[in-house]
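One structure is given here, and the rest of the page talks about it.
The values are calculated or read from the model by the stated rules, or taken from the named source; none is laboratory data. Because the structure is predicted, anything quoted here is derived from the model rather than measured. Every residue, glycine as well, gets a Cβ built from its backbone with ideal geometry; the counts of neighbours run over all protein chains shown. For accessibility, only protein heavy atoms count, side chains too; no ligands or nucleic acids. Shrake-Rupley method; radii C 1.70, N 1.55, O 1.52, S 1.80 Å.
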Amino acid sequence: MDRQRIIDKVRAEMPERRWIHTEGVMAASVILANRYGEDPARAELAAILHDVAKYWAVDRQAGVIRDNGLPQDVLAYDKELWHAPVGAWVAEREFGVTDEGVLDAIRYHTSGRRAMTKLDKVVWLADYIEPGRDFPGVGDIRTLAEQSLERAVLAGLDGTIGFLIAKGKRIYPLTVEARNGLIEELSGT
Ligand code: DGI
Ligand code: FE
Ligand code: FE
């Protein structure tokens, strides 16, 4: 499917404000990919599709996870996590995406994972710092993002984990693994 058709179809799946967020993630992904030596076209494709399932009814999201052999453990954690693996499934099945790296970047764009690829990091961080994001601390992470991809993703994960702790929520294990993995990567262990 060509780029414009994907854009038109994804846009039809979401309210306008979420499409504006997606455009912000596209722009930020391209900038980060160019800055850190990743393919901007792959980063942009993952960005276009990353939230494609965000506005599906949660029952529909859960159904995709249950009926297609996706990892079931996520169903025991916050529903906000579900649209990421569902989005990767939709990208492959309905949009014909075959690039496994792009599919992984969509699949792990919320949780992160251990040993995140450069493409995973670019899309994860772009989602966090796109121009429409406005929360305390985002400016510091935008500044970090100009210096170190890994340090910026780590700071973002710290922010998300802190937010979940403050709300008394559980943390999905892949998010903890993502943070541990980045710390190891940064310290060379
Ligand atoms: O879909 P977006 O709003 O653009 O952003 P996202 O896909 O990164 O979703 C983030 C939300 O997911 C955020 O409000 C926190 C929530 N969340 C719930 N449990 C977890 C989690 N995020 C992570 N990384 N790990 C969790 O365990
Ligand atoms: Fe998302
Ligand atoms: Fe997003």
Among (1) open to solvent by 50 Å² or more (accessible area, probe 1.4 Å); (2) closer than 23 Å to LYS79 by Cβ; (3) more than 12 Å from ligand 2 (Cβ to nearest atom) - the single one ASP120 does not satisfy
(1)
Which numbered condition ARG133 misses (of (1) buried (at least 20 other Cβ atoms within 10 Å of the Cβ); (2) under 23 Å from TRP19 (Cβ atoms); (3) not aliphatic (A, V, I, L, M))
(1)
Filter the range 150-167 for residues that are within 16 Å of ligand 2 (Cβ to nearest atom) and small (Gly, Ala, Ser) and give the result.
GLY156, GLY159
Would you be able to say whether some residue in the range 180-189 is touching a residue at least 24 places away in the same chain (Cβ under 8 Å) and closer than 18 Å to LEU32 by Cα?
yes
Being within 11 Å of ligand 1 (Cβ to nearest atom) and part of a helix (DSSP H, G or I), is that true of even one residue in the range 128-151?
yes
Flag if GLU13 is in contact with an Asp or Glu (Cβ under 9 Å, 6 or more places away or on another chain) and closer than 15 Å to TYR128 by Cα:
no
What helices (runs of 4 or more DSSP H) lie completely within the range 1-105 and have 1 or more residues being surrounded by 13 or more Cβ atoms within 10 Å (Cβ to Cβ) and in contact (Cβ under 8 Å) with a residue 40 or more places away in the chain?
3-11, 16-36, 40-49, 83-93
